[in-house]
C-alpha cells in the first residue's frame with residue numbers, strides 16, 4: 001500500500017510562492033468547511049493544504065484561459081496583418097508547391113487563395129522567366145547559411161497585363177521556404193520612362209540646333225518660292241512644280257516641329273485649355289484624306305488642363321495617324337476624353353489628384369508583345385522603308401511631350417486585337433481665357449520704314465526683298481549692335497523706323513531680347529517683332545511679356561508678314 005503524503009509547494013519558485021499566498025488569501029475569505037473537525041491537528045492541516053491546492057488549480061486554470069484568449073486575439077490580429085499586408089507572402093516547399101499564401105499573394109497571382117494550396121508556383125511565371133525562377137528556387141535550398149535570395153520575374157494574369165514582381169525568399173528548413181512578393185510593375189514603368197528621357201537628352205541637344213538652322217533654311221526656300229511664283233504664269237507647268245515644292249516645304253516644317261520637341265526650346269508653355277476642341281481638330285486633321293472615321297466620346301463637363309495646346313495637338317495627331325496606318329481601309333478610331341480622380345498609390349509616377357484621361361483606340365492588328373516595351377524608344381519603328389517611311393520618333397515625341405506636361409502615356413494592346421493609347425494630364429483649377437477673334441484676310445499695309453535684324457544673310461535678304469515689293473523702305477542689320485546703331489541714327493535724323501524685326505537667337509553678338517532692352521531705353525514706343533526658328537520658345541509664345549508687339553515663327557510666308565505689318569502700321573498711324 002502506497003503511503004499518502006500531503007502535496008507540497010516548492011518554496012524555491014517565486015511564482016509558486018505568489019500563487020500560494022493568493023490561494024491562502026482566497027481561502028480565508030471563504031466559509032470554513034472543516035469546523036466540525038476538532039480531533040486531529042494533522043487532519044486539519046491536510047484538508048487545509050488540499051483546499052489551497054484546489055484553489056491554486058482553479059486560479060491557474062483561469063490564468064490559462066485568459067492567456068489562451070489573449071493568444072487567440074494576438075493570432076487573429078497577426079493573421080489580419082498577414083492576410084492584408086501590402087506585399088504577398090507565400091510558403092513553398094522544395095518543389096515550388098504553394099503550402100500557404102496570403103490574400104495579397106493570391107491577388108498578385110490572380111488566383112483564389114483556396115485554389116493555390118499545393119499548386120506549383122512556376123505555373124504563374126511567364127515561360128521565358130521559368131528557368132530563372134527554377135534556378136532561384138534551387139539556390140535557396142542549396143544554401144547552407146539560410147541567407148536570403150532575390151530575383152525578378154513576370155507573372156501571368158488572365159486578361160490582364162503581365163505583373164513584374166520582385167521575389168525575396170529564405171529557407172526555414174530543408175523542405176520549406178518563406179517568400180515575399182512585391183509588385184514592381186509601376187516602378188519598372190517609371191524606370192523605363194526615366195531611361196527614355198535620358199536617351200532623349202543627347203538627341204535633344206542635336207535636334208534643337210538642327211531644327212533652328214533648318215527653319216532658317218525653310219524661311220529662305222519658302223519666301224524665294226513665293227517670289228518665283230509671282231514671275232510665273234498661272235497654270236503653267238513651272239508654276240505647278242513651284243507649288244509642289246512650296247507644299248513640300250511646309251510639310252518639312254512639321255518635321256522641324258517634332259525635332260524641336262526634344263530640345264530645351266520645346267519646353268511647353270502651359271496655360272489652362274479645354275481639350276475638346278484640340279482633340280477634335282487634331283484627330284480630324286490626321287484622318288483627313290483617308291477612309292478612317294473618328295468616333296468621339298468627350299465628356300460634356302471635361303475639366304480644363306494646364307497644357308501647351310499646340311504640343312498636345314501634335315500628340316493627338318501622331319496617335320490618330322498611327323491608328324490610320326494600322327487600319328488602312330475603311331475603319332473607325334475611337335477617341336474618348338473623361339475626368340478621372342487618381343487615388344494615392346494608383347500610379348507610382350503620378351501624384352494623386354484630378355486628371356483628364358484621353359483614350360485613342362484602333363481596331364488594327366495590335367502590337368506584338370515583344371515590341372510593346374520598345375515603342376517609345378527613339379528611332380524604333382516597325383514601318384518598312386517605302387511608302388510609310390518613319391523616323392521612329394512619333395511615339396517618342398508623344399512620350400516626351402506628355403512627360404513634360406507632368407502626365408503619363410501608356411498603351412494596352414494584344415496582337416490581332418487593336419491598340420489603345422491612354423493619356424493622363426493634370427487638370428487645372430484655372431479656366432482658359434476667352435478665345436481671340438481670328439483676323440480677316442491680309443490687307444495691303446501702308447508704306448513704312450522697317451529694320452530687319454538677322455544673322456543669316458539669306459534670311460534677312462529675302463525678308464528685305466519681300467518688304468520692298470510691298471512698298472516699304474528697308475534697312476538690314478546682321479546683329480543687335482548694328483540694329484541699335486541704325487535705329488538710333490534714324491531716330492536722331494527725324495526719320496525713325498516704324499517696325500523692327502529682330503531675330504531671337506544670334507550666333508555672335510546681341511540677340512533679339514537684349515537688343516530690344518536697349519532700344520526701349522532709347523525709345524519706349526519702339527514697335528518690335530521677334531522672329532525665331534524655335535516655334536515653342538516662351539518669348540515667341542508670349543511676346544508681349546518680353547516687350548515685343550508680336551512674334552513670327554520661322555518659317556513664315558508672305559501673307560503672314562503682310563498681316564503683321566498691316567496691323568502694326570495701323571497701330572502706328574492711329575491717333
Open item on the list: Please compute the length gained on full extension between residue 297 and residue 138, using 0.36 nm multiplied by the number of residues separating them and subtracting their Cα-Cα distance.
Closed with: 51.9 nm
Task: FRET efficiency for residue 429 and residue 349, using Cβ-Cβ distance with R0 set to 30 Å, rounded to 0.05 - done: 0.85
Open item on the list: Need the full-extension length gain, residue 255 to residue 100, defined as separation in residues times 0.36 nm minus the C-alpha distance. One decimal, nm.
Closed with: 50.0 nm
TODO: Kindly rank 223-234, 512-523 from highest to lowest mean number of other beta carbons found within 10 Å of each residue.
DONE: 512-523, 223-234
Open item on the list: Can you tell me, using C-alpha contacts under 8 Å and at least 6 residues apart, the relative contact order of region 89-183 as a whole percent?
Closed with: 29 percent
Open item on the list: Which of rounded, prolate or oblate describes region 89-183 when judged by the alpha-carbon gyration tensor and an a/c cut-off of 1.5?
Closed with: prolate
Open item on the list: Using Cβ contacts closer than 10 Å as the measure, can you line up 18, 243 from fewest to most?
Closed with: 18, 243
- [ ] Quickly rank 317-327, 43-53 as a protection proxy: mean count of other C-beta atoms within 10 Å, highest first.
- [x] 317-327, 43-53
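Bear in mind that the values in this text are calculations on the coordinates, not laboratory data. Because the structure is predicted, anything quoted here is derived from the model rather than measured. Reconstructed Cβ throughout: ideal geometry from the backbone, glycine too, with neighbour counts over all protein chains shown.
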